[in-house]
Structure formats: structure tokens, C-alpha cells
Amino acid sequence: MSKGRQGAIATLIAMTSRASSQIVLIGVTLVATRYLNPADFGVFALATAFVTLARTLLYAGPFEYLMKAPDLEKSALECLVANALLAAASTIVLACIAFLSPLIFRSPAVEPVLLMLAPSILIAAVASWEESQLLRQGNIRTYYAITTGVELVSSGLAVVMLVRGYGLIALIVQNYVRAVLLTIGYWCMLTLPRLRRVDPHHLATVVRWSISRYGSVILSFTNNYSGDLILGAILSPASTGVYRAGSRIVGAASDIFAQPAAIMSMAGLSRRYAAGNPADGQWLTMLSGIALFGWPALAGMAIVANRLAPIALGEQWTAAGPVISILCMARMGGFFTIFAGTSLFVYDRQRLVLIIQIVTAIASAGLTLLFAPLMGVIGAATAAACSSVVSGGGWCISQRGRVVSDRASCEPPRRSW
């Protein structure tokens, strides 16, 4: 079978599996909006924003380092320790944010929800370490089989608990069930490397390499969640709830294409890097394939969003319609970030990635502060769309005239390892 056909089959499997997961996620969101009011949903959105940041950090740094390290056994334990240290520090920081949340947001309800969610980061640290090894081995089908099954089980449990009146507890339980089942599922499918005594010098190397990636993730978080946090701080958790409900619908639809794109581009380029091969501009080819399906789907959702929102979410969520339309357009531009960004940081151009993300984060936060007080949730969505244009332009400019396929780009990191 040709490589092109193998790639097409792998992409189809990934998109089908992810579509199943995202349909389930949309179902949970639709049920949640029926049993939770915008204020309660906003409280959960504000709490999970910080938890999402902590969890995303676990999928950068050591996660990426381990995927492309030339020798798995010489890096596995150090990456696990680095992830554990990050998870412990993140849990402490989340607890501190929880205690300060009544002063930041206009609701004391964020504090207990955040405190209940914080320990889940410790479980996610192990799951992400296992996931990086599974993807390193190229087990894409196994990965999607596990994640799809786990999403079905955890989301199904959340729906049952919501219907039975457990409210926010149902969504908290969903987070823990998902983390535990992923950890068990990955462990069952892996042959874990032989563990040994931690090499402190190599651990320091992993941490140093990861620091710039952590900064990059934090900046991406600022870009993606500044709308939620600013709306919660200057308006109300209910405003955050409406914005996050719309964002979840768009995010689930977009993720059918974006998440497989991110995983496959990361896995493919990391394997090339570990073997000492150049990227050969493959990010643009990957973008073309995903955008062919993703852009028409998001454009169609944007057109029908105003009529769809009150029917799907309920009458009290009518304001989410314009948010969905605007965010669909923003997500269409986000496909550039996935591929061009992956190409840059796999080949150790994190500094350029960081510069682009700093500019994007400043644009996102600044525009949200400008538009949200005047236009509410529509203003926050408009700011997200504008920052997406800034980000997409930055990624395209970063690739212009740059020879990503230069074989010399594979060599400097080898010497640091």
C-alpha cells in the first residue's frame, strides 16, 4: 500500500474516531444546558479554564520531548518526573487561585468547584506520559480506540448524573473518570520502558527544553480563554456561561478535524526529527487535506447558528447563536496555527513560536478588554476572531522564505541531548 493511501486511511480513521467523541461531547453540552442555567455553567467554565491550562501544560514540554527523543529509555523516567513535578506545582497554584477567585470573579461558587477539580491534574500527568509513548510508537488506531471508548463512558456517566439532578458534580466526576480510564487504557496497551535511577543532569535538560514550551502554552491559553475570564471578571459568570457554551459547540465541531491534525502532524514530524530527517514542508500538505473538510463544515455551522442555538441549547441560550457564528470563522483560521506551529517547534524554533504567540495573546486580551464591556459576549467572540487573523498571518509569515526542510535544522538539538 502506498504511503499516500496509508496516510489517507489513517486520517479517515482519526477523523471518524474524533467525530464520534465530539458528537458525544456536544451531547453532554446540550444536556448540561438543559439542566444548568447560564450562571452555573459559567461557574464551571471559569473553574475548568484554569484546570485546562494545567492539563495542557502536561501535553507540552516533556510530552513532546519524549516523542522525539532518539533514545526512549534514556529519557522516559526524566520526562515522567518532570511531568509529576509540574502536576504537583499546578495543583498548588490551582488551590491558590481557588482561594482568590471570590475576589476575581463575581461569584463565590468558583472556589469549591476549582478545589474539587485540581487533584485530577496528578492523574493526568501519568496519562500524558503514557500517551506520548503510544504516539511515539505510531499506534494511532490504538490511541483513537482508547480515547473514543473513554469519552463514550465518561460522557455517558455525566449525562446520566445530569438527568438525575447531580448538577455540577456530574461534570466534575466526568473529568476524574476520563483521566483514570485513559491512564488504565494506555497502560494496558504499552510496553513501558525499563525504569532506572533519575539522571539529574538529563532531567535539567528536559526542564530547560520545556520552559519555552510552557510559555507558549500559557500564551495560547490567554488567547483561547481571555474571553471567558474577562467576561467573568467584568460582567458575570452567566456571560461566561453563554460564551463558553457557544465555544464548546464550535470547539467540538472544529476538533473533529483539528485534533487529528495536531496529533498526526506531531507524531509524523517528531518521527522524522528523531530519525534526523527534514520536515520537507509537509505542514502545508497536511493543512490542505484537513481544510478541504474542515472549512466547509465550519462555514455551514456559522450560517445556521442563530437558528440552531435556541433549538439545541434552549431559549435562555439564544445569545449563544452570534457567538457560534463568529467563533466558527475564528476556528477556520486556527488551522494554520496547528500545522505551521508544529513544524516550527518540532524543529526547535520555539523562540519564533513564542514571539508569534506573544503578539497573538496581547491582541486577544487587549481586544477583549476593548470590545467586551461594549458588546458583551459578541464583543468577546469578535476579539477572538480578530486575534485569529493576527495569529494566522503570523504563522504564514513565519514560513515565508524559510527553508524548513534544511537538514541542518535537525542537528543542533542532537548535540544538546
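The values are calculated or read from the model by the stated rules, or taken from the named source; none is laboratory data. Computed from a predicted model, the values in this text were never measured in an experiment. As a convention, Cβ positions derive from the backbone with ideal geometry for all residues, glycine included, and neighbour counts pool all protein chains shown. Please note that ligands, DNA and RNA were not included when accessible areas were found on the heavy atoms of the full protein model with its side chains. Shrake-Rupley method; radii C 1.70, N 1.55, O 1.52, S 1.80 Å.
Scanning the range 89-121 for residues that are in a loop (DSSP other than H, G, I, E, B) and over 22 Å from the mean Cα position of the chain (by Cα) turns up PHE105, ARG106, SER107, PRO108, ALA109. Tell me, yes or no, whether the range 60-77 has at least one residue that is at pLDDT 85 or above, surrounded by fewer than 20 Cβ atoms within 10 Å (Cβ to Cβ) and not aliphatic (A, V, I, L, M). Among the residues of the range 60-77, not one is at pLDDT 85 or above, surrounded by fewer than 20 Cβ atoms within 10 Å (Cβ to Cβ) and not aliphatic (A, V, I, L, M), which makes the answer no. Exactly one residue out of THR205, THR148 is open to solvent by less than 40 Å² (accessible area, probe 1.4 Å), more than 28 Å from MET116 (Cα to Cα) and among the hydroxyl-bearing types (Ser, Thr, Tyr), and it is THR205.
Residues considered: TYR273, TYR186. Of these, the only one that is part of a helix (DSSP H, G or I), modelled with pLDDT of 85 or more and aromatic (Phe, Trp, Tyr) is TYR186.
In the range 289-323, the qualifying residues are those that are at pLDDT below 75 and open to solvent by less than 70 Å² (accessible area, probe 1.4 Å), and the one that is farthest from GLY251 (Cα to Cα) is GLY289. Restrict the check to the range 345-362 and report whether at least one residue is under 23 Å from the mean Cα position of the chain (by Cα) and either within 20 Å of ILE303 (Cα to Cα) or at pLDDT 85 or above (or both). Scanning the range 345-362, I find at least one residue that is under 23 Å from the mean Cα position of the chain (by Cα) and either within 20 Å of ILE303 (Cα to Cα) or at pLDDT 85 or above (or both), so the answer is yes. Any chance the range 37-46 includes a residue that's open to solvent by less than 40 Å² (accessible area, probe 1.4 Å) and either modelled with pLDDT under 85 or farther than 29 Å from MET116 by Cα (or both)? The answer is no; no qualifying residue exists. Scan the range 191-206 for residues that are assigned to a helix (DSSP H, G or I) and either in contact with a Gly (Cβ under 6 Å, 6 or more places away or on another chain) or of a type in the set (Asp, Glu) (or both) and the total you get is 0. Pairing residues of the range 88-112 that are within 9 Å of ALA47 (Cβ to Cβ) with residues that are open to solvent by 80 Å² or more (accessible area, probe 1.4 Å), at Cβ distances under 9 Å and at least 6 apart in sequence or on separate chains, gives SER101/PRO108; GLU111/PHE99; GLU111/LEU100. Please find, within the range 87-119, the residue that is nearest to LEU66 (Cα to Cα) out of those that are surrounded by 22 or more Cβ atoms within 10 Å (Cβ to Cβ) and among the polar types (S, T, N, Q). For the range 87-119, the residue satisfying everything is SER90. Selection of first residues in the range 353-375 that are touching a residue at least 60 places away in the same chain (Cβ under 8 Å) and part of a helix (DSSP H, G or I) and of second residues that are surrounded by 18 or more Cβ atoms within 10 Å (Cβ to Cβ) and of a type in the set (Phe, Trp, Tyr), restricted to Cβ pairs under 8 Å at least 6 apart or on distinct chains, gives the following pairs, ordered by first then second residue: VAL353/PHE345. Please work out which residue is farthest from LEU66 (Cα to Cα), limiting yourself to the range 154-183 and to residues that are without any contact (Cβ under 8 Å) to a residue 12 or more places away in the chain and not in a helix (DSSP H, G or I). So, considering only residues that are without any contact (Cβ under 8 Å) to a residue 12 or more places away in the chain and not in a helix (DSSP H, G or I), the one farthest from LEU66 (Cα to Cα) is ARG164. Take the conditions (1) among the basic types (Lys, Arg); (2) under 17 Å from the mean Cα position of the chain (by Cα); (3) at pLDDT below 90; ARG178 misses just one of them, which is (3). For the range 40-81, the tally of residues that are acidic (Asp, Glu), in a helix (DSSP H, G or I) and within 28 Å of HIS201 (Cβ to Cβ) stands at 2. Only a single item in (1) open to solvent by less than 40 Å² (accessible area, probe 1.4 Å); (2) assigned to a helix (DSSP H, G or I); (3) not basic (Lys, Arg) is not met by GLY138, and it is number (2).
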